[in-house]
Structure formats: structure tokens, C-alpha cells
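To start, the structure itself, in C-alpha cells.
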Amino acid sequence: MAIEQIVSFLGWSTIVNMVILSVSAVLLLLFRQSIVTIHSQLFNVEHKALNLLYVQYFAFYKVLIVFFNLVPYVILKVTI
């Protein structure tokens, strides 16, 4: 696999992951009550604890996107 293909893959992977993160954040904002109800029943977690779990999820997912997609993309793009 050529370096240009890897750079292209990392760029598209970053875009797709950011779209997934953005869509999930918007859906959580728009349908918060129904999502909280479903998750609290499904995982037996209190409503108040879910707020912390949602913030942790978004933060962890964002760090993974930056660490595994964006940083390698920028480094390869600069060095090529």
C-alpha cells in the first residue's frame, strides 16, 4: 500500500468518525429523554449517572479520533 493511499484512508477515516461523533451528539441533544430512558432501562443505570457516561463517551471517542486518525494524517501529510 502506498503512502498516498494511507494518507487518503486516514483523511477519510477522520471525516467519517467526526461525522459519527457529530450525529450522535446531535441525536442525543434532540432526543435526550427517550435515549436516557432506553439506556437506563437497558443497562440499569440511573438517569443522573448517564450524563457523566455520555460526556465520558464523547471525550473518549474524540481522543481516539485525534490520536489514531488525525495525528497520523497530519504527520504524514506534512512529511510527504
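The values are calculated or read from the model by the stated rules, or taken from the named source; none is laboratory data. It should be emphasised that the depicted structure is a prediction, and the values quoted were computed from it without experimental measurement. Protein only, heavy atoms only, side chains kept; ligands, DNA and RNA dropped before computing areas. Shrake-Rupley method; radii C 1.70, N 1.55, O 1.52, S 1.80 Å.
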Note to self: I'd like the orientation of helix 32-43 relative to the chain: the angle between its Cα long axis and the longest Cα principal axis, in ° from 0 to 90, rounded to 10.
What the structure shows: 80 degrees
Checklist line | Highest-fluctuation residue, Asn69, Asn44, Asn17 considered, GNM on the chain with Cα pairs under 10 Å | finding: Asn44
Next item on the list: Counting residues in the range 36-76 as N, plug N into 2.2 N^0.38 Å and put the Cα Rg over that result.
Entry: 1.65
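What is the Rg over Rh value, at two decimals, for the chain, using alpha-carbon atoms and the Kirkwood definition of Rh? Can you show the working numbers first?
Values: Rg = 16.7 Å, Rh = 14.4 Å.
Radius of gyration relative to Kirkwood radius: 1.16.
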Next item on the list: Multiply the residue separation of Val66 and Val23 by 0.36 nm, subtract the distance between their alpha-carbon atoms, and state the gained length in nm to one decimal.
Entry: 13.8 nm
Next item on the list: Would you mind calculating the relative contact order of the chain from Cα pairs under 8 angstrom and at least 6 residues apart, reporting the percent as a whole number?
Entry: 51 percent
Check: Any idea of Thr37's accessible area? Nearest 10 Å², probe 1.4 Å.
Finding: 50 Å²
Checklist line | Rounded percent of accessible protein surface that carbon and sulfur make up, the chain, 1.4 Å probe | finding: 75 percent
Notebook entry, point to check: So what are the ³J(HN,Hα) numbers for the range 52-68, from phi and the Karplus equation (6.51, -1.76, 1.60; θ = phi - 60°), rounded to whole Hz, Gly and Pro as x?
Noted result: 5, 5, 5, 5, 5, 4, 5, 5, 5, 5, 5, 4, 5, 4, 5, 6, 9
